[in-house]
């Protein structure tokens, strides 16, 4: 069965996207949300497969206004799995402050993701994401209840919050990819 990709054109000022670094988060939901959030995290790779399966190499490498290509967005998600896993390590080690992200995205900017085969990018992401989800699932209860400060947001987070934050970040990049697709459809 072939699934169509839906394209949405947003011309409304109300619907303009908020920059990732301008977003604010409130982490006040129960730890019991973890299974639901893990489903979102598991769902990112299939969504990426569905979005990219019929795209040409030219489309996958298209960089609107010098911004990242679809391949670079996927590579970036894969690059950040190391950070997410490191934050699990931070909780296990009882650290008060979670490790910081490299906001310059040096790893992604120098990785040459556009030169990699899309199947390799997706396979690597699936592998790393599977490990991250399994680690979150297997955390002991005392670690699930632990807290540490997110360095950029300056808010206290639990593992469930890190999972939610990661799922939100995934969706942010999926929306970026959708914007690229919308531009490609207009051209």
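Return yes when residue 125 is touching a strand residue (DSSP E or B) at 6+ places or on another chain (Cβ under 9 Å), at negative phi, modelled with pLDDT of 95 or more and surrounded by 17 or more Cβ atoms within 10 Å (Cβ to Cβ) and no when it is not.
No, not satisfied.
Quickly run through the range 128-142 and pick out the residues that are surrounded by 14 or more Cβ atoms within 10 Å (Cβ to Cβ) and either closer than 15 Å to residue 40 by Cβ or free of Cβ contacts under 8 Å to residues at least 12 places away in the same chain (or both).
If the condition is that a residue be surrounded by 14 or more Cβ atoms within 10 Å (Cβ to Cβ) and either closer than 15 Å to residue 40 by Cβ or free of Cβ contacts under 8 Å to residues at least 12 places away in the same chain (or both), then 129, 130, 132, 133, 136 are the ones that fit.
How many residues are within 17 Å of residue 76 (Cβ to Cβ) and out of contact with any helix residue (DSSP H, G or I) (no Cβ under 9 Å at 6 or more places or on another chain) when one looks only at the range 88-112?
Selection size over the range 88-112: 3.
Taking only the range 84-119 into account, find how many residues are without any contact (Cβ under 8 Å) to a residue 60 or more places away in the chain, under 19 Å from residue 137 (Cβ atoms) and within 18 Å of the chain's Cα centre (by Cα).
2
Checking residue 80 against (1) out of contact with any helix residue (DSSP H, G or I) (no Cβ under 6 Å at 6 or more places or on another chain); (2) within 26 Å of residue 133 (Cβ to Cβ); (3) surrounded by 12 or more Cβ atoms within 10 Å (Cβ to Cβ); (4) at pLDDT below 95: exactly one of these is not met. Which one?
Residue 80 satisfies every listed condition except (4).
What number of residues in the range 26-67 are within 30 Å of residue 153 (Cα to Cα), free of Cβ contacts under 8 Å to residues at least 12 places away in the same chain and in a helix (DSSP H, G or I)?
Of the residues in the range 26-67, 8 are within 30 Å of residue 153 (Cα to Cα), free of Cβ contacts under 8 Å to residues at least 12 places away in the same chain and in a helix (DSSP H, G or I).
The values are calculated or read from the model by the stated rules, or taken from the named source; none is laboratory data. Given the structure is predicted, the values throughout are model-derived calculations rather than measurements. Note: ideal-geometry Cβ built from the backbone for every residue, glycine included; neighbour counts use all protein chains shown.
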